[in-house]
Amino acid sequence: MPSLVVVAVLVAVWQWAVTAFDVRPQVLPSPLRVVEQGWLFRDALWTNTVPTLQVTAVGFAVSLVVAWALAVVVDFSPWLRRALLPLLVASQTIPIIAIAPLLIIWFGFGLLPKVVVIALVTFFPVAIGLVEGFSSADREASNLVRSMGADRWGEFRYLRLPAAMPSFFTSLRIGITYAVTGAVFAEYVGARAGLGIFMNLQKNSFRTDLVLAAVVVTAAISVGLFGLTFLVQRLAMPWYAAERRRA
Amino acid sequence: MREVRVEGLSKRFGDRDVLVDVSLHARPGELVSVIGPSGCGKSTLFAALAGLVEPDRGTVTVDGRPATGTTFGYMPQKDLLFPWRTVLDNTALGLEIAGVGRRAARKRAEPLFEPFGLAGFEGSRPFELSGGMRQRAALLRTVVQDRDVLLLDEPFGALDSLTRTGMQEWLEGMRSQFGWTVLLITHDIREAVYLSDRVVVLGPRPARVRAVVEIDQPRPRELASAAAAAREAELLALLRAE
Ligand SMILES: Nc1ncnc2c1ncn2[C@@H]1O[C@H](COP(=O)(O)OP(=O)(O)O)[C@@H](O)[C@H]1O
Ligand SMILES: [Mg+2]
């Protein structure tokens, strides 16, 4: 894979530069040191990874449920579509950086403020992906199913819902990577445990190497979940990959 | 087998007339073609018959009774086979929507795969089929709904001419075997003369009936026979007349 080659080259350059210029590890540790120290502190990393995974899962699940509910409602009601879509776009202008500390003040250090942050950052791409996916159904295909006797619900079930799946999985991929970042960010602002608060604490004690080790773990989680969406897509719509290969 | 009668159908979109006083009829087991310049309103006529467009005026009766939502089996211009369904499930779609269970719907579609030349492709995906097979699958999906009258909107328009000829002969055979009553839109005069009992010629927009030509040649017919040539010339002249 070409991207692995690029990563290997970058890491090699980094390692070389740190040794050649004798950079202090508090400023920039060598990749080797990051791996060493990360391994040494693997228990701490793991105990902080689990809560991050939990927060990500719960937050993204909530986001998915809300996004689906809203997208379906909007698909059935043109009035609500005109009313809600602009609000949805407006919700994306909320500066999460400013809001996240307030959420801690309002909701404490528990699950809730993190779920809210994750929902805020992931809800939009998923909802938009669904709304546009439903509308991607061919007009003439709508006529066909209506000629077969389908009402609006039948049209949704037999046409608009399956037609939305490719678009949904694309937005799912975008959403899930945002979810991990969102979880780490929410924890960074305030949490009892998690990779985010771990990074924050290590930064305060100048353990740059451990901060970066936690970054590596975060990246691995993102890539893993990203890959998982392809797996789920394969199972949910086996026809899609075959058709794409053919096209 | 049903007799269908369309009387004085009119439709305007906004301030533009698309259909003006269109009348036609088909007796049980007949095939009636509709030809006319492109954009004149042929598809709109079928959409009105299929209940997709509310006509402004006119009546449609089947055996003397007003047509309902389940009178016509509608095959649109594009095959519109869904990529997320297998070919068998695509052909069973209409029955499923009508409330037949999935398994029962498949059971009813399956025996038609042989006569439709699709045997062995039940589990395939639409993109694996050739153009001719896709049209046959779309027609199967229409036929299996067991509606009184079939509406076929340029079913072979997108096919290459060799495949199209094969499909025309195949449709002629199937129609006489199953006794369907068919209304067919085509822009192929030869196809119209070969397949039809009657050809309705529409003028340019707005669509009015310009002429109705009876094709009373005995069957089985031959494509592009000498007898057909005279009828083809007659239709061409009607289409071209100012
Ligand atoms: N829903 C609609 N709203 C407005 N105009 C329409 C609509 N459907 C069709 N038309 C117009 O009616 C005319 C006839 O279209 P159509 O029936 O598709 O023609 P044909 O099938 O003969 O090529 C076209 O000019 C088209 O733009
Ligand atoms: Mg048309």
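The values are calculated or read from the model by the stated rules, or taken from the named source; none is laboratory data. Bear in mind that the values here come from a model prediction, so they are computed numbers and not experimental data. As a convention, Cβ positions derive from the backbone with ideal geometry for all residues, glycine included, and neighbour counts pool all protein chains shown. To get the accessible areas, we keep the full protein, side chains included, count just its heavy atoms, and leave off ligands, DNA and RNA. Shrake-Rupley method; radii C 1.70, N 1.55, O 1.52, S 1.80 Å.
Among the residues of segment A:149-156, is any within 14 Å of another protein chain (Cβ to nearest Cβ) and in contact (Cβ under 8 Å) with a residue 40 or more places away in the chain?
Just the residues of segment A:149-156 that are within 14 Å of another protein chain (Cβ to nearest Cβ), to begin with: A:149-156.
Among the residues that remain, those that are also in contact (Cβ under 8 Å) with a residue 40 or more places away in the chain are: A:152, A:156.
Yes - at least one qualifying residue is present in segment A:149-156.
Could you check segment B:187-200 and list, in sequence order, the residues that are surrounded by fewer than 23 Cβ atoms within 10 Å (Cβ to Cβ) and either within 16 Å of ligand 1 (Cβ to nearest atom) or among the small types (Gly, Ala, Ser) (or both)? First the steps, then the outcome.
From segment B:187-200, those surrounded by fewer than 23 Cβ atoms within 10 Å (Cβ to Cβ) are B:187-190, B:197-198; that's our starting set.
Of everything in segment B:187-200, those that are surrounded by fewer than 23 Cβ atoms within 10 Å (Cβ to Cβ) and either within 16 Å of ligand 1 (Cβ to nearest atom) or among the small types (Gly, Ala, Ser) (or both) turn out to be B:187, B:188, B:189.
Identify the single condition in (1) modelled with pLDDT of 95 or more; (2) in a helix (DSSP H, G or I); (3) more than 10 Å from chain A (Cβ to nearest Cβ) that residue B:121 does not satisfy, given that it satisfies every other one.
Checking residue B:121 against (1) modelled with pLDDT of 95 or more; (2) in a helix (DSSP H, G or I); (3) more than 10 Å from chain A (Cβ to nearest Cβ), the one that fails is (2).
Between a first residue in segment A:118-134 that is polar (S, T, N, Q) and a second residue that is assigned to a helix (DSSP H, G or I) and open to solvent by 20 Å² or more (accessible area, probe 1.4 Å), which pairs have beta carbons less than 6 Å apart while being 6 or more apart in sequence or on different chains?
A:122/A:178
Looking at segment B:56-109, which of its residues are more than 12 Å from chain A (Cβ to nearest Cβ) and within 16 Å of ligand 1 (Cβ to nearest atom)?
Hits for segment B:56-109 are B:56, B:58.
So residue B:4 ticks every box in (1) within 14 Å of chain A (Cβ to nearest Cβ); (2) farther than 16 Å from residue A:146 by Cβ; (3) away from ligand 2 (no atom under 16 Å from the Cβ); (4) surrounded by 23 or more Cβ atoms within 10 Å (Cβ to Cβ) but one. Which box is left unticked?
(1)
Scan segment B:70-82 and tell me whether some residue there is modelled with pLDDT under 95, over 30 Å from residue B:110 (Cβ atoms) and either within 16 Å of ligand 2 (Cβ to nearest atom) or open to solvent by 20 Å² or more (accessible area, probe 1.4 Å) (or both).
no
Working only within segment B:27-39, note down all residues that are of a type in the set (A, V, I, L, M, F, W, C) and within 9 Å of ligand 2 (Cβ to nearest atom).
Applying the first criterion (of a type in the set (A, V, I, L, M, F, W, C)) to segment B:27-39 yields B:31-32, B:34-35.
Hits for segment B:27-39: nothing passes.
When you look at residue B:139, is it crowded, with 19+ Cβ neighbours inside 10 Å, within 14 Å of another protein chain (Cβ to nearest Cβ) and away from ligand 2 (no atom under 16 Å from the Cβ), yes or no?
Working: crowded, with 19+ Cβ neighbours inside 10 Å: yes; within 14 Å of another protein chain (Cβ to nearest Cβ): yes; away from ligand 2 (no atom under 16 Å from the Cβ): yes.
Yes.
What number of residues within segment B:8-27 are closer than 15 Å to residue B:53 by Cα, touching an Asp or Glu at 6+ places or on another chain (Cβ under 8 Å) and charged (D, E, K, R)?
Adding up the residues that qualify gives 2.
Filtering segment B:10-22 down to residues that are away from ligand 2 (no atom under 15 Å from the Cβ) and in contact (Cβ under 8 Å) with a residue 12 or more places away in the chain, which residue is most open to solvent (accessible area, probe 1.4 Å)? Break it down into steps so the answer makes sense when it comes.
Keep residues of segment B:10-22 that are away from ligand 2 (no atom under 15 Å from the Cβ), which gives B:10, B:12, B:14-17, B:20-21.
Pick out the ones that are also in contact (Cβ under 8 Å) with a residue 12 or more places away in the chain and you get B:10, B:12, B:16-17, B:20-21.
Working: B:10: 10, B:12: 110, B:16: 134, B:17: 59, B:20: 31, B:21: 97 Å².
So the residue we want is B:16.
Would segment B:23-30 turn up any residue that is open to solvent by less than 10 Å² (accessible area, probe 1.4 Å) and either away from ligand 1 (no atom under 11 Å from the Cβ) or not β-branched (Val, Ile, Thr) (or both)? If you could, list the steps in order and put the result at the bottom.
Of segment B:23-30, the ones open to solvent by less than 10 Å² (accessible area, probe 1.4 Å) are B:26.
Retained after the next criterion (residues that are either away from ligand 1 (no atom under 11 Å from the Cβ) or not β-branched (Val, Ile, Thr) (or both)): B:26.
The answer is yes, given that some residue of segment B:23-30 is open to solvent by less than 10 Å² (accessible area, probe 1.4 Å) and either away from ligand 1 (no atom under 11 Å from the Cβ) or not β-branched (Val, Ile, Thr) (or both).
Can you find a residue that is modelled with pLDDT under 95, more than 16 Å from residue A:216 (Cβ to Cβ) and open to solvent by 100 Å² or more (accessible area, probe 1.4 Å) anywhere in segment A:23-41?
Scanning segment A:23-41, I find at least one residue that is modelled with pLDDT under 95, more than 16 Å from residue A:216 (Cβ to Cβ) and open to solvent by 100 Å² or more (accessible area, probe 1.4 Å), so the answer is yes.
Would you check if there is a residue in segment A:162-178 being over 30 Å from residue A:53 (Cβ atoms) and within 14 Å of another protein chain (Cβ to nearest Cβ)? Give the derivation first.
First, the residues of segment A:162-178 that are over 30 Å from residue A:53 (Cβ atoms): A:162-163.
So of that shortlist, the ones also within 14 Å of another protein chain (Cβ to nearest Cβ) come out as A:162-163.
Among the residues of segment A:162-178, at least one is over 30 Å from residue A:53 (Cβ atoms) and within 14 Å of another protein chain (Cβ to nearest Cβ), which makes the answer yes.
Which pairs turn up if I take residues in segment B:196-216 that are more than 19 Å from residue B:227 (Cα to Cα) and more than 16 Å from ligand 2 (Cβ to nearest atom) and look for partners that are open to solvent by less than 20 Å² (accessible area, probe 1.4 Å) and in a loop (DSSP other than H, G, I, E, B) with beta carbon separation below 9 Å, at least 6 apart in sequence or on another chain?
B:209/B:203; B:210/B:36; B:210/B:203
What's the number of the condition residue A:1 fails, among (1) closer than 14 Å to residue A:120 by Cβ; (2) modelled with pLDDT under 90?
(1) is the only condition that residue A:1 fails.
What do you reckon, is residue A:201 part of a helix (DSSP H, G or I) and open to solvent by less than 10 Å² (accessible area, probe 1.4 Å)?
Values: part of a helix (DSSP H, G or I): yes; open to solvent by less than 10 Å² (accessible area, probe 1.4 Å): no.
It is false that residue A:201 is part of a helix (DSSP H, G or I) and open to solvent by less than 10 Å² (accessible area, probe 1.4 Å).
If you take the residues in segment B:40-55 that are among the small types (Gly, Ala, Ser) and at the interface with another protein chain (Cβ under 9 Å from one of its Cβ atoms), which one is farthest from ligand 1 (Cβ to nearest atom)?
Applying the first criterion (among the small types (Gly, Ala, Ser)) to segment B:40-55 yields B:41, B:43, B:47-48, B:50-51.
From the residues that got through so far, the ones that are at the interface with another protein chain (Cβ under 9 Å from one of its Cβ atoms) too are B:47, B:50-51.
Details: B:47: 7, B:50: 12, B:51: 14 Å.
Within segment B:40-55, the match that is farthest from ligand 1 (Cβ to nearest atom) is B:51.
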